[in-house]
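The values are calculated or read from the model by the stated rules, or taken from the named source; none is laboratory data. Note that the structure is a prediction, hence the values are computed from the model and not measured. Cβ: placed from backbone, ideal geometry, glycine included. Neighbour counts: every protein chain shown.
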Amino acid sequence: MKLIKPLSFLLAMVFSTVAMAKVTITVPDTVEMLAVNSASPELEGGMFSANKTLTLPNGENQIVFKYAPYFAKGKDRVTVESQAIIAKFNAKDTKLNFEFSKFNSLSKAQKNINSLEWSLVDQSGHKLDIQQDRLIKKGMQIGRNYPQEAQNYNTKGGVAAIVTPLTLTQRALKQGDLKQMQGKNTAEEMLHFWYAKADAATKARFKHYVEQH
């Protein structure tokens, strides 16, 4: 139990600091955000807003989304939906916008939607370096749990995989009392994970805390 209290203290202290530093992504109504860092996305904006805003911490992040442009067909509006895209990228203190390849017709979108080209562009017009993959599930598609699928993807280690606090926490919970696992100390791994994300002031406060205890 002695380990849990300092660990909880660090997580709370570092997370509060990380939350202050942020990246924002403008999410258009043609993008369905499905998961963010293995969790359900929290978007800001009205239900009928043309654009919503996604706020992320600085550093490495992972998103899962579908692109769904729409086209007029007579009096109807037809939507063409891509497969679920999972992607990771690094960004800091910036605003990002999606850019997608243009489809001039419904038939071209239906034919090429799953080979679309897209990017995240910062305020200076620079495209971020992105690693991406498809999050594919065979069989029934209704009721998919995308946050869980993303977590499973990260555990297996695909090209767009990241290490999340959830991954480390799950390992810790499996340990029960955070005792050292064979060959790996998960509590120490969690400390390193959050310490690396902290700013200089937070690191200094943590060092002072450790020295006093």
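So here's what we get for this one:
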quantity: Members of region 42-70 that are surrounded by 13 or more Cβ atoms within 10 Å (Cβ to Cβ) and aliphatic (A, V, I, L, M); calculated: L43, L54, L56, I63, V64, A68
quantity: Candidate set from region 138-152 (those that are within 19 Å of the chain's Cα centre (by Cα) and not hydroxyl-bearing (S, T, Y)); member that is modelled with the lowest pLDDT; calculated: R144
quantity: Residue count for region 71-90, restricted to those that are of a type outside the set (S, T, N, Q), in a strand (DSSP E or B) and loosely packed, with under 15 Cβ neighbours inside 10 Å; calculated: 5
quantity: Top-ranked residue in region 97-119 [being in a loop (DSSP other than H, G, I, E, B) and under 22 Å from the mean Cα position of the chain (by Cα); ranked as nearest to Y70 (Cα to Cα)]; calculated: L116
quantity: Counted residues, region 26-48 - those being more than 8 Å from the chain's Cα centre (by Cα), more than 16 Å from G143 (Cα to Cα), touching a residue at least 12 places away in the same chain (Cβ under 8 Å) and not in a loop (DSSP other than H, G, I, E, B); calculated: 5
quantity: Residues located in region 49-93, provided they are acidic (D, E), in contact (Cβ under 8 Å) with a residue 24 or more places away in the chain and at negative phi; calculated: E60, E81
quantity: Residue tally, condition among the hydroxyl-bearing types (S, T, Y) and in contact (Cβ under 8 Å) with a residue 40 or more places away in the chain, over region 94-142; calculated: 1
quantity: When residues of region 124-147 are limited to those that are among the aliphatic types (A, V, I, L, M) and in contact with a strand residue (DSSP E or B) (Cβ under 8 Å, 6 or more places away or on another chain), the one farthest from Q83 (Cα to Cα); calculated: L128
quantity: Selected residue (criterion: farthest from T26 (Cα to Cα)) from residues of region 49-70 that are aliphatic (A, V, I, L, M) and assigned to a strand (DSSP E or B); calculated: V64
